Amino acid sequence: MRKKIVAGNWKMNTSLAEGFSLAKEVIAGSSRVDQGVELVVIPPFTHLSEIVKLARGSRVRVGAQNCAQWPKGAYTGEVSASMLQSAGVEYVILGHSERREYFNETNRSLFEKLQLALQENLTPIFCCGEKLGEREAGQHFAVVEKQVAESLFGLETRQVQQVVIAYEPVWAIGTGKTATADQAQEMHAFIRGLLAGKYGSTLADSISILYGGSCKPSNAAELFAKPDVDGGLIGGASLVAADFIAIAGSF
């Protein structure tokens, strides 16, 4: 049975004190969420060690928003997968559309990041998705297939089993627009089909695929009811603990 996951990507928001308070609220509210749902908070790098300590012994897991494509070295400002592992982090987002857009991350560099994260026993949340123009031109399936194939398909079967995928229609991030539940299901099923074609249906059926485009309490239940939608990578709504818990409680 696939793991149900609701992960909150705080992006570049909250001071350390604000983030600590937000994490405390999420931990306190986690008792209202079904035990079968994994809760993950993903704060800025500056908060990680403190929030890892705070979350220890709770059901809330902690993730990072990125990691470097190199194991170590003279890369000022970068944070390696091994550094994250040493801080007690369990998840790491890789390939978020904002990283692709603003920092020119490529499918090749993401393949390298995936390998390093997996070597450190981190669970990557690998993001893929199309822009508005690509969807309007009918290219959305081709775009996502290229992202998945070039970043994931170089991994061994045992490695892919550890990956979580997040489909994020770029046109629905921070815009207030949301893919319909049917659109989300269609793409999630397509991604699962790609995995089945490469690694077999048994593996494909075991991979959690999250929806990552403006998911909120008002639409989470409809999205999560779809057979191939296994949770959400939540942006803005994760900055309000009550909303984040309400989304997680939508299963």
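Once backbone amide H atoms are built at 1.01 Å from N, Val92 has Ala64, Thr123, Ile125 as its partners under 5 Å, excluding neighbours fewer than 5 places away on the same chain.
Other residues lying with their Cβ under 13 Å from the Cβ of Cys215 contribute a combined charge of -1, Lys and Arg counting +1, Asp and Glu -1.
Around Ala137, what is the net charge, scoring Lys/Arg as +1 and Asp/Glu as -1 over all other residues with Cβ under 11 Å from its Cβ? Net of charged neighbours comes to -1.
Within the set of other residues whose C-beta is less than 14 Å from the C-beta of Lys177, count the net charge using Lys and Arg as +1 and Asp and Glu as -1.
Details: positive: Lys131, Arg135, Lys216; negative: Glu130, Glu136, Glu168.
Net charge in that neighbourhood comes out at 0.
P(r) for the range 13-131, from all Cα pairs and a bin width of 5 Å, is 2, 11, 21, 21, 19, 14, 8, 3, 0, 0 %, short bins first. Neighbour counts of C-beta atoms inside 10 Å place Asp205, Asp243, Asp228 in the sequence Asp205, Asp243, Asp228, starting with the fewest.
Helical content alone sets the calculated 222 nm signal of the chain at -12000 deg cm²/dmol, taking -39,500 (n - 2.57) per DSSP H segment of four or more residues and averaging over every residue.
Using only the Cα atoms of the range 3-44, build the gyration tensor, take square roots of its eigenvalues as a ≥ b ≥ c, and label the shape rounded, prolate or oblate: rounded if a/c is under 1.5, else prolate if a/b is larger than b/c, else oblate. Since a/c reaches 1.5 but b/c is at least a/b, the shape of the range 3-44 is classed as oblate. Remark: spin-label model distance Ala142-Ser49 equals 4.9 nm, labels positioned 7 Å along the Cα→Cβ axis. When each of the peptides 112-125, 2-15 is scored by how many other beta carbons lie within 10 Å of its residues on average, the order from highest to lowest is 112-125, 2-15. Close amide H pairs (under 5 Å, H built 1.01 Å from N) link Lys4 with Glu38, residues at least 5 positions away or on another chain. Annotation: lysines with alpha-carbon distance below 24 angstrom to Lys72 (same-chain offsets under eight excluded): Lys11, Lys113.
If you place +1 on the Cβ of every Lys and Arg, -1 on the Cβ of every Asp and Glu, and leave all else neutral, what size is the dipole of the chain about its Cα centre, to the nearest 20 Debye? Provide the component values of the computation, followed by the final result.
Working: 24 positive and 26 negative charges, 91 e Å.
Computed about the Cα centre, the dipole is about 440 debye.
Each reported figure results from applying straightforward, stated rules to the coordinates on display, with no laboratory input. Not measured: the values here are computed from a predicted model. A quick note on method: Cβ atoms are made from the backbone with ideal geometry, for glycine too, and the neighbour counts reach across all protein chains shown.
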